[in-house]
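The values are calculated or read from the model by the stated rules, or taken from the named source; none is laboratory data. Just so it is clear, the structure is predicted and the values come from calculations on it, not from any experiment. Cβ atoms come from the backbone with ideal geometry, glycine included; neighbour counts cover every protein chain shown. We work out accessible area using only protein heavy atoms, side chains counted, and drop any ligands, DNA or RNA first. Shrake-Rupley method; radii C 1.70, N 1.55, O 1.52, S 1.80 Å.
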Amino acid sequence: MLTSTCSAPRPHNHQGIGWSELWDSGQSDLWDRGEPSRALVNLIESKPDLIPHPSRSSRRPRALVPGCGKGYDVAMLALHGYDVYGLEVSPTAVETARAYAATQFAAPSPYNFLNASTEDQYLGSERGQVRFIVDDFFARGWEVECRSNDEEFTGFDLIYDYTFLCALFPEMRQDWAQRMSELISPSGVLVCLEFPSYKDLKLPGPPWGLREGIYWDLLVAGGNGIFDDEETAKTATQAASGGAFKRLQYIKPPRSYKVAKGTDMLSIWALR
Ligand SMILES: C[S@@+](CC[C@H](N)C(=O)[O-])C[C@H]1O[C@@H](n2cnc3c(N)ncnc32)[C@H](O)[C@@H]1O
C-alpha cells in the first residue's frame, strides 16, 4: 500500500523559495557538513571502473550536482578532472559556492582526496572546470547552458545526489526521477548517497526520511516513492520495472559522514 505523507500538493516554487530564505537568513549551517562526500571521494579513487572517469575518457566527463549548496562536491569533482556544473535555486548559495571553489582551486584541502599519494596523483593531472547555475532543478531549459561549445546538450555523464532528494517535498519525488531521466546521458550514471535512512518515515522534513525502496520505487519501478510505512518501503525493492532506470551497484561506502550513523548507502543507476 502506498500512502501519502502529506495531504495537498504544494507548488514547486514554494519549495525553492523556502530554501532560498534559509540561505538568505544565514541558516546553511543546518545542513553544511564542512567537507565533500567521503563516500564519493572513495568511489572516484578506489572504484573508478564503476563510473565515467577522466582516466578512461577522451574528453573530461561532465558532472552535475543538483542542490549543490556550498559546492563541496563540485570543487572536489573538478579537482578529480570532471567538468562540473553546480545547480542551486539560491543566488546566495551560488555566491558562497563560487568563493569556496576559488579557495579550493588556489589551495586544495587534503579532504578532497583519499590520501597523500592520491592527492599528488590527481593534483598532477588536468583539473576540470566549474560552473554554477542559479535555477530550479525542475525548470526545463537551464541545461542548455551546460553544452560544450555549440553542441547539442546530450546529458550529464555523472549526476550526484546528496541531500537533494530528501530536501524536496515528497510529492515532488516522481518529478525528480523524471527530471533525472531527462538530464542523464544514455551512457551516464546517477550516483545517490542515500540519506537519511534512519529517520522515521512518518516525521516531517526536510530532510524527509528515505529508504532503499523509495529510490527503487522512483527509479526502477516508476512509482511516486511516497511511503510512510517501513515494511512497505522494504518490500518495494521487489517491484517490477516500469521506470527509466536500472540499478548497477549498491555499495556500503567504507566511510561517510558521521551524521548518517553508519546507514549511508551509495547507489549507482543508469538508463535501461
Ligand atoms: C540539504 S541542502 C544540501 C546541499 C548540498 N548538497 C550539501 O550537501 O551541502 C539542499 C540544497 O538544495 C537546494 N535546492 C532545494 N531545492 C532546489 C531546487 N528545486 N533546485 C535547485 N536547488 C534546490 C537548496 O538551496 C539547498 O542548498
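Before moving on, here are some points about what is shown:
- Scanning segment 130-154 for residues that are out of contact with any Cys (no Cβ under 8 Å at 6 or more places or on another chain), more than 16 Å from the ligand (Cβ to nearest atom), without any contact (Cβ under 8 Å) to a residue 60 or more places away in the chain and not charged (D, E, K, R) gives Val144, Asn149, Thr154.
- Pairs where the first residue, in segment 81-106, is open to solvent by less than 50 Å² (accessible area, probe 1.4 Å) and in a helix (DSSP H, G or I) and the second is of a type in the set (Val, Ile, Thr) and within 10 Å of the ligand (Cβ to nearest atom), C-beta under 8 Å, 6+ apart: Val94/Ile133; Val94/Val134; Ala97/Val74; Ala101/Val74
- Yes/no for Thr118 being closer than 22 Å to Arg33 by Cα, open to solvent by less than 60 Å² (accessible area, probe 1.4 Å), outside any strand (DSSP E or B) and in contact (Cβ under 8 Å) with a residue 24 or more places away in the chain: no
- Here Arg59 qualifies as away from the ligand (no atom under 14 Å from the Cβ), open to solvent by 60 Å² or more (accessible area, probe 1.4 Å) and not aromatic (Phe, Trp, Tyr).
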